[in-house]
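Read the structure below first, then the notes.
The values are calculated or read from the model by the stated rules, or taken from the named source; none is laboratory data. The structure displayed is predicted, hence computed values, not measured ones. Because the Cβ atoms are built from the backbone with ideal geometry, glycine has one as well, and the counts that use them run over all protein chains shown.
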Amino acid sequence: MNTQLVSRRLVLAGAGALGLGALTGCGEGSAGKPGQATGDGGAKGYDGPAVELDFWNGFTGGDGPFMRKLVEQFNAEHANIKVKMTVMQWADYYTKLPTAVSSGRGPAIAIMHVDSLATNAARNVIEPLDDVAKALDLKQDDFAEVVWKAGEFNGKRYGIPLDVHPLGFFYNKTLMQQAGLDPAKPPATADEYAAALDALKGKGIQGHWASPFQFTGVLSVQSLIWQFGGDMFNPESNKAIWAEEPGVKALTWFVDLVKNGHSPKNVAQDADAIALQNGKSAFNWNGIWNINTLKEKKGLEWGVAPLPNIGGEKAAWAGSHQFCLPKLKTPDTNKSTAARVFVNYVSQKSLEWAKGGQVPARKQVRESADFKALTDQAALATQVDDLHFPPPVPGIGDALAELNKAVNEAVLLKAEPAKALADAAARADKILEANRKKYGA
């Protein structure tokens, strides 16, 4: 799911890849005093022999330079550890990583989206990190509860949270003023939102373009399902429940944007975000990474706020990047310890990462004055206790792909919301059953 999401983000930002480094091999490490690794999981640093760590991620967009800067700072402060960052498209990354790990050519450190952790844990691509959390004294109180629990699978921790990237409400201030709306008070409730859309429509402005694609239509519908009190799956995660009443209400509200003339009938991929930038649409629900994209648009007067509460409960879709440690075919205590030192370092210094368009996972960083000075990111960080992630189930993205199809059919007016959701849920249930057998869950 996130692979497509990030690809959409890159199109909008107009960012190219930072370059795909060599997938194997290592360069000359930095000098450092010889000695033994501390063996404490990285809690007290690393004083062993010089070691080089491969670090893979998919930060090919505007966030990439921010992570590269953190890597450079780490290398400058750790004479006996050299981290080499290799960047590739997320689609390639998720394909290459399992193969590289199984052949003994995988990296020592990697980043994963939270909805990929369970799948890769079940495939033995990544190793449990409970020892890391204990050694570094990391606990739930250090993080937002939802993002901390999202890194667990089958009672074990596989991810150390780096960030949270939630959906937010972006608005064009100029268009709001044209419709007689106060841009300092964006609509926050269902009634306020409906009134604002009608006011915009009265000025010939289609206020909220409804995307039929996962980015950002499906993410919006998921947020609405939670707002209406529903969920994607039952507590056991063995049955899709998005076709129940909350799901029908959510998708109906979204489809009505088209039926009531607040959106064109066939919104192309990314056209909803571009319409906001070009003064064609006043409102756009998009990811926090959109902040830096909009900042680059000279002359554009825009604002950002938490998602309006349409269904009665505060809720929003979110993703999360999490550090994980791929399994090493040949155990290496020095690499394992040094990798843990790096994870803890970046986790604590994630304010720089926040500037790339993220909410830091660490509560200490998120509550700092420096982060609050990033007013746009801080506005979306206020949602942190209302965010939702997919359940930590192997192959869950396969089932969620059926919801994508339902939203697409309904928004394109090819099927009524209730039927589209019910048909998709039936298909998803079969996928969930097949995945339980496939992954041994």
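I'd like the full set of residues that are small (Gly, Ala, Ser) and closer than 26 Å to ASP163 by Cα, limited to segment 246-302. Break it down into steps so the answer makes sense when it comes.
Residues of segment 246-302 that are small (Gly, Ala, Ser), as a first pass: 247, 250, 261, 263, 268, 271, 273, 275, 279, 281-282, 287, 299.
Across segment 246-302, the qualifying residues are ALA273, GLY287.
Is it the case that some residue within segment 420-431 is outside the structural domain of ASP63 (by TED's automatic domain parsing), touching a helix residue (DSSP H, G or I) at 6+ places or on another chain (Cβ under 9 Å), basic (Lys, Arg) and under 29 Å from LYS327 (Cα atoms)? No, every residue in segment 420-431 fails to be outside the structural domain of ASP63 (by TED's automatic domain parsing), touching a helix residue (DSSP H, G or I) at 6+ places or on another chain (Cβ under 9 Å), basic (Lys, Arg) and under 29 Å from LYS327 (Cα atoms).
The requirement of being assigned to a helix (DSSP H, G or I), in the same structural domain as ALA406 (by TED's automatic domain parsing) and either buried (at least 16 other Cβ atoms within 10 Å of the Cβ) or modelled with pLDDT under 95 (or both) is satisfied by ALA199.
Could you tell me whether any residue of segment 242-260 is on the phi > 0 side of the Ramachandran plot and at pLDDT 95 or above? Scanning segment 242-260 turns up no residue that is on the phi > 0 side of the Ramachandran plot and at pLDDT 95 or above.
Of GLN348, GLN358, GLN322, GLN269, all but one fail to be free of Cβ contacts under 8 Å to residues at least 40 places away in the same chain and in contact with a helix residue (DSSP H, G or I) (Cβ under 9 Å, 6 or more places away or on another chain); the exception is GLN348. Out of LYS372, LYS335, one residue alone is farther than 16 Å from LEU70 by Cβ and free of Cβ contacts under 8 Å to residues at least 24 places away in the same chain. It is LYS372. Scanning segment 176-186 for residues that are at negative phi and surrounded by fewer than 23 Cβ atoms within 10 Å (Cβ to Cβ) yields GLN177, GLN178, ALA179, LEU181, ASP182, PRO183, ALA184, LYS185, PRO186.
In segment 58-73, the residues that are closer than 23 Å to VAL341 by Cβ and assigned by TED's automatic domain parsing to the domain that holds ILE109 form Cβ pairs under 6 Å with partners that are part of a loop (DSSP other than H, G, I, E, B) and hydrophobic (A, V, I, L, M, F, W, C), at six or more places apart or across chains, as follows: GLY64/LEU18; MET67/PHE59. The single condition among (1) modelled with pLDDT of 95 or more; (2) closer than 23 Å to PRO390 by Cβ that ARG9 does not meet is (1). Contact annotation: residue pairs with Cβ atoms under 6 Å, 6 or more positions apart or on different chains, pairing a residue in segment 185-197 that is closer than 13 Å to GLY303 by Cβ with a partner that is part of a helix (DSSP H, G or I), are PRO187/TYR193; PRO187/ALA196.
Being within 25 Å of TYR158 (Cβ to Cβ) and either assigned to a loop (DSSP other than H, G, I, E, B) or among the aromatic types (Phe, Trp, Tyr) (or both) is the filter here; which residues of segment 280-314 pass it? Give the steps one after another, and end with the answer.
So the first thing to find is which residues in segment 280-314 are within 25 Å of TYR158 (Cβ to Cβ), and the list is 287-289.
Selection gives ILE288, TRP289.
Residues in segment 218-234 that are surrounded by fewer than 24 Cβ atoms within 10 Å (Cβ to Cβ) and either touching a helix residue (DSSP H, G or I) at 6+ places or on another chain (Cβ under 6 Å) or modelled with pLDDT under 95 (or both): PHE228, GLY229, GLY230. Inclusion of ALA406 among residues that are at pLDDT 95 or above and of a type outside the set (Lys, Arg) is warranted.
Looking only at residues that are more than 17 Å from SER320 (Cβ to Cβ) and charged (D, E, K, R) in segment 107-138, which one is surrounded by the fewest Cβ atoms within 10 Å (Cβ to Cβ)? Once the filter is applied, the top-ranked residue is ASP137.
Helices (runs of 4 or more DSSP H) wholly in segment 209-277 with at least 1 residues that are of a type in the set (S, T, N, Q) and out of contact with any Pro (no Cβ under 6 Å at 6 or more places or on another chain) - which ones?
219-227, 271-277
Considering only segment 79-134, state which residues are small (Gly, Ala, Ser) and part of a helix (DSSP H, G or I). Residues satisfying the conditions are ALA91, ALA100, SER102, SER116, ALA118, ALA121, ALA122, ALA133. GLY357 meets all of the listed conditions (1) buried (at least 21 other Cβ atoms within 10 Å of the Cβ); (2) under 17 Å from the mean Cα position of the chain (by Cα); (3) not in a loop (DSSP other than H, G, I, E, B) but one, namely (3). Of the residues making up segment 155-174, just one is under 16 Å from VAL346 (Cβ atoms) and among the charged types (D, E, K, R), namely ASP163.
Kindly evaluate THR174 against the criterion of being in contact (Cβ under 8 Å) with a residue 60 or more places away in the chain, in the same structural domain as LEU307 (by TED's automatic domain parsing) and of a type in the set (Val, Ile, Thr). Explain how you work it out, then say what you get.
Values: in contact (Cβ under 8 Å) with a residue 60 or more places away in the chain: yes; in the same structural domain as LEU307 (by TED's automatic domain parsing): yes; of a type in the set (Val, Ile, Thr): yes.
When the stated conditions are applied, THR174 passes them.
From the list VAL407, VAL411, VAL384, which one is closer than 25 Å to ASN290 by Cα, under 17 Å from the mean Cα position of the chain (by Cα) and buried (at least 19 other Cβ atoms within 10 Å of the Cβ)? So that I can check it myself, show each step before the final result.
Values: VAL407 fails: under 17 Å from the mean Cα position of the chain (by Cα); VAL411 fails: under 17 Å from the mean Cα position of the chain (by Cα).
It is VAL384.
Inspect segment 22-42 for any residue being of a type outside the set (D, E, K, R), assigned to a loop (DSSP other than H, G, I, E, B), farther than 18 Å from LYS335 by Cα and at pLDDT below 95 and give the result as yes or no. Yes: one or more hits.
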